[in-house]
Amino acid sequence: MKMPVIDVKSDTDDLTLTITAEFDAPVERVWGIYADPRQLEKIWGPPTYPATVVDHELAPGGRVTYYMTSPEGDKYPGWWQIVAVDEPNSFSFDDGFADEDFNPVPDMPVARNDYQFSTVNGKTRAVYTSTYQTAEGLQKVLDMGVIEGASGAINQIDDLLAA
């Protein structure tokens, strides 16, 4: 089975993690996954940690809150603060860990995420770039398995597009 993720790079010098994926669908269809909270739930988080989106306002200044549920039933809340939206080409948001009331957890890293979508050879190329404030923050999420988790999450998009 072909996986959409075609490249993963982490760079501790420029504090980034960049994942590139390609999907057999138009840009507008891939955009729609992020614009619709029910579709977003199907691909945000690794396959064994399904997401539940609570708030969803994909607009500058908007907020998205969610939690992922572990196989044991533990909930892991998170938040997005939307910075910029250029539908259907890109959006940027700060992404962080939250407490059960969706308040940011102060000692956990926050990433500025830039999601870019473009048409390449009839497919949608998605470039997901996360920029961390410190090398320690990037290393912390790398140690937590962010590459495997994010790749697993992105690889679920093909199934959703085929449905």
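Taken over segment 125-144, the residue count meeting the criterion of being without any contact (Cβ under 8 Å) to a residue 12 or more places away in the chain and open to solvent by less than 20 Å² (accessible area, probe 1.4 Å) is 0.
Taking (1) farther than 22 Å from P106 by Cα; (2) of a type outside the set (G, A, S); (3) in contact with an Asp or Glu (Cβ under 6 Å, 6 or more places away or on another chain) in turn, R63 satisfies each apart from (1). Checked against the criteria, V53 counts as surrounded by fewer than 19 Cβ atoms within 10 Å (Cβ to Cβ), hydrophobic (A, V, I, L, M, F, W, C), within 28 Å of A162 (Cα to Cα) and without any contact (Cβ under 8 Å) to a residue 60 or more places away in the chain.
Listed by position, the strands (runs of 3 or more DSSP E) inside segment 1-110 whose residues that are more than 24 Å from Q133 (Cα to Cα) and of a type outside the set (D, E) number at least 3 are 51-56. Scanning segment 110-124 turns up one or more residues that are surrounded by 15 or more Cβ atoms within 10 Å (Cβ to Cβ), charged (D, E, K, R), farther than 29 Å from D13 by Cα and modelled with pLDDT of 95 or more.
Condition test on P26, is it farther than 18 Å from E148 by Cα and either open to solvent by 20 Å² or more (accessible area, probe 1.4 Å) or hydroxyl-bearing (S, T, Y) (or both)? For P26, the condition - farther than 18 Å from E148 by Cα and either open to solvent by 20 Å² or more (accessible area, probe 1.4 Å) or hydroxyl-bearing (S, T, Y) (or both) - is met.
The values are calculated or read from the model by the stated rules, or taken from the named source; none is laboratory data. None of these values were measured; they are calculated from a predicted model. Heads up, the Cβs are rebuilt from the backbone with ideal geometry, glycines too, and the neighbour counts pull from every protein chain shown. Calculation scope for accessible area: heavy atoms of the full protein, side chains included, ligands and nucleic acids excluded. Shrake-Rupley method; radii C 1.70, N 1.55, O 1.52, S 1.80 Å.
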